[in-house]
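Student: What follows is a single structure, and I will ask about it in a moment.
The values are calculated or read from the model by the stated rules, or taken from the named source; none is laboratory data. If you're wondering where the values come from, they're calculated on a predicted model, not measured in any experiment. We place every Cβ from the backbone using ideal geometry, glycine too, and count neighbours over all the protein chains shown.
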Amino acid sequence: MLRTVGGGAREVAADASLPVLLRTVGIMAAPLRGVGIQRRPGRLRDPNVRPSVAGRRYCWTRRSGRRPKPRRTWMALLRGLTGDQQGREYALERTRTVIGRHPQCHIVLSESTVSRQHAQIVRRGEAFFVEDLGSQNGTRVNGAMIEQAVRLSTGDEIDIEGIVFRFEGDEISVDTEERPSTILTTINAVQEPVNRADVNAAQKLRALLQILESLGDTLHIEKLLPRILDGIFRIFPQADRGCILLADEQTGRLRPMAVKNTRVPSAAQQPYVISRTVARKVMDEGQAILSVDAKEDSRFVASDSVAELEIRSMMCAPLTAPNGSTIGLIELDTHHVGKQFSENDLDVLANVARLAGQAIEHARLHRRLLRLDRREQELKTAREVQLHLLPRQRPQVSGYEFCDFYRAADEVGGDYFGYLRLADGRIAITTADVAGKGVSAALLVARLCADVRYSLVTESSPAKAVQRLNVELSQSVLAGRFVTFALCVLNPANHTLQLVNAGHPAPLLWTAGRNEVQAIGNDETSGPPLGVEPTWKYKQVELSIQPGQGVLLFTDGISEARNQQGELFGETRIRDAVSGARSAQQACERVLESVESFAAGNAPRDDVCLVAFARTAR
């Protein structure tokens, strides 16, 4: 451990790279060379090529002529981080990008708590702003509720009712046209450039210690990387421009996370141009690269970006994760003719980059753990809400008995069942299966529960109630989702049953003690799931329930259960299990026992929901 004095002792974790760093700044004897940089014996093959430093691997070429300007493409986008938006990318190509629940929004969110037009991303010149559009529950940026337009920076997280997007709005330009380079694996000893700018050892050590301290001060990548870049500029005061780029964890594309330009203070708002060839070589091979004279280097010759920026010397080092993978790079360059970077400089940068890469991976792991913890809390809360929506007790109806069973395959499932006693004494029994899982499915179940109650109270028939429910969900919630739904309305006074089916597995009618099981309804009487056809006119089926007869409603988690061989349980086995059942409870128990025996320990892939009711034999 190292300890700094003055203002209190502080411990700085030692790393394998630290001795190399200390040697290269002159605190220890003879520099230790070669960390992260390859050297191979050989000889100079081209007498026209002027190497710079002994024992380094560089890329050189002689080429005349010019190539087209680098193509500069804005890479501003929103990346979904949670729920059903996780992994999705939305390019911010419009001047105004609206986010909300309405189907005509540019980014459509299906959660019921999201407003129809919730928020918008506005582009003004080269800047992007997020603005809440008077939503009911507000919009958060990095955890804080916003009241006016907020300018976005790369890494900012936008939270819309638990749906989190990360803004990635910087621009990086690369040479789009590949040019061959002559690779000389080794350059023999030649004197270093004269008049090279240097910093005394004490200054370098202080800067290195500050970088090491910053690695332990924060686990926020957006705060960590600018600190590292500032420290690097204190080590290399001859640097004009610098950038830390990270490879996207999903796409692998390089994105600038920290940019500094001492010549143009506002350059952080401008595109950062680097060589595609160099970036690829550093990322693919994990090599640190030094160019003493960029104007004569094959990687930059005829490059308009090098000419425009008057780049004379540059170096680039890979950010290396603990597992050895390259997760990004650090690039520095200068326009000073007599202050080029040296071999020793590259040693320092390569080792700082390795330490930074490890810190970045630790920060990423911390962020993933926080998100996992937050998701677990969200799922726990959603689970509690969903269980609260399920019936706490079964209906007590003279001459009838009820039984139900519910089990979510995920921590929060999309299946639902309910009972509702109507004003005239009838009993509504519902089952539903929401497409999808997790929090978004649970929220839709909550909306469905409320809408079912309202539709049944306000409409004159079960068919009209389902039609109203279909219209409401299609227009305000679903946005690509759908719900299979079955509604039974039982009249205990005259023992009649009305059924409306919206794409749900057909309920089964059985008779106690008899091998008689039949499906209620057919393809002509069953309509599409809710949310598929907003104008669909649903039909209802009516029948009488005789003594000893019962009805079983179930979701496809039963029929689509699989055994170890991948075979489906199927409706035939459900019929066989329920055949002859003498009570609603026996019908449920038989089906569940049959499914468990069939699956033989194979974990369920879907929720399981059963509801049975039967008329007692009198």
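Student: Give Glu571, Glu533 a once-over and let me know the one that is over 18 Å from Leu508 (Cβ atoms) and in contact (Cβ under 8 Å) with a residue 12 or more places away in the chain.
Tutor: Unique residue meeting the criteria: Glu533.
Student: Is there a residue being in a strand (DSSP E or B), in contact (Cβ under 8 Å) with a residue 12 or more places away in the chain and polar (S, T, N, Q) anywhere in region 508-515?
Tutor: Within region 508-515, one or more residues are in a strand (DSSP E or B), in contact (Cβ under 8 Å) with a residue 12 or more places away in the chain and polar (S, T, N, Q).
Student: Then there's this: With respect to the numbered conditions (1) of a type outside the set (Gly, Ala, Ser); (2) more than 21 Å from the chain's Cα centre (by Cα); (3) modelled with pLDDT of 90 or more, which one is the sole condition not fulfilled by Arg124?
Tutor: (3)
Student: Return the only residue of Val532, Val541, Val517 being more than 23 Å from Val489 (Cα to Cα) and either at pLDDT 90 or above or not small (Gly, Ala, Ser) (or both).
Tutor: Val532
Student: Moving on to the next point. For region 100-116, check the following and say yes or no: at least one residue is more than 23 Å from Phe482 (Cα to Cα) and polar (S, T, N, Q).
Tutor: No, every residue in region 100-116 fails to be more than 23 Å from Phe482 (Cα to Cα) and polar (S, T, N, Q).
Every residue, every condition in (1) at pLDDT 60 or above; (2) in contact with a strand residue (DSSP E or B) (Cβ under 9 Å, 6 or more places away or on another chain); (3) in a loop (DSSP other than H, G, I, E, B), yes or no:
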| residue | (1), (2), (3) |
| --- | --- |
| Phe129 | yes, yes, no |
| Ile158 | yes, yes, no |
| Glu177 | no, no, yes |
| Pro180 | no, no, yes |
| Leu208 | yes, no, no |
| Lys223 | yes, no, no |
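Student: Hey, any hits in region 574-597 for a residue that's of a type outside the set (A, V, I, L, M, F, W, C), surrounded by fewer than 21 Cβ atoms within 10 Å (Cβ to Cβ) and under 30 Å from Leu473 (Cβ atoms)?
Tutor: no
Student: Here is a follow-up. For region 429-455: of the residues being of a type in the set (A, V, I, L, M, F, W, C) and part of a strand (DSSP E or B), which is modelled with the highest pLDDT?
Tutor: Only one residue fits best here, namely Ile429.
Condition check ((1) modelled with pLDDT of 60 or more; (2) of a type in the set (Val, Ile, Thr)) across all residues:
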| site | (1), (2) |
| --- | --- |
| Val49 | no, yes |
| Tyr58 | no, no |
| Ser64 | no, no |
| Arg88 | yes, no |
| Arg96 | yes, no |
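Student: Quick one: how many residues across region 104-150 are exposed (fewer than 13 other Cβ atoms within 10 Å of the Cβ) and not acidic (Asp, Glu)?
Tutor: 9
Student: Let me ask something else. Only one of (1) among the polar types (S, T, N, Q); (2) loosely packed, with under 15 Cβ neighbours inside 10 Å; (3) part of a loop (DSSP other than H, G, I, E, B) fails for Thr525. Which number is that?
Tutor: Of (1) among the polar types (S, T, N, Q); (2) loosely packed, with under 15 Cβ neighbours inside 10 Å; (3) part of a loop (DSSP other than H, G, I, E, B), only one is false for Thr525: (2).
Student: Scan Arg94, Arg88, Arg116, Arg151 and give me the residue that is charged (D, E, K, R), more than 15 Å from the chain's Cα centre (by Cα) and closer than 26 Å to Ile221 by Cβ.
Tutor: Only one candidate qualifies: Arg151.
Student: Inside region 553-618, counting only helices (runs of 4 or more DSSP H) that do not spill past its ends, which hold 3 or more residues that are out of contact with any His (no Cβ under 6 Å at 6 or more places or on another chain), modelled with pLDDT of 90 or more and in the same structural domain as Ala512 (by the TED database)?
Tutor: 570-578, 584-599
Student: Across region 490-507, what is the total count of residues that are assigned to a loop (DSSP other than H, G, I, E, B) and either in contact with a strand residue (DSSP E or B) (Cβ under 7 Å, 6 or more places away or on another chain) or surrounded by 20 or more Cβ atoms within 10 Å (Cβ to Cβ) (or both)?
Tutor: The total comes to 6.
Student: Further question: Which of the residues belonging to region 585-596 are in contact with a strand residue (DSSP E or B) (Cβ under 7 Å, 6 or more places away or on another chain) and either closer than 16 Å to Gln518 by Cα or of a type in the set (Val, Ile, Thr) (or both)?
Tutor: Ala587, Val591
Student: Pairs under 6 Å by beta carbon, first residue not assigned by the TED database to the domain that holds Glu161 in region 365-385, partner in a helix (DSSP H, G or I) and modelled with pLDDT under 75, six or more apart or different chains?
Tutor: Note: pairs meeting the criteria are Glu378/Val439; Ala382/Val439; Ala382/Ala442.
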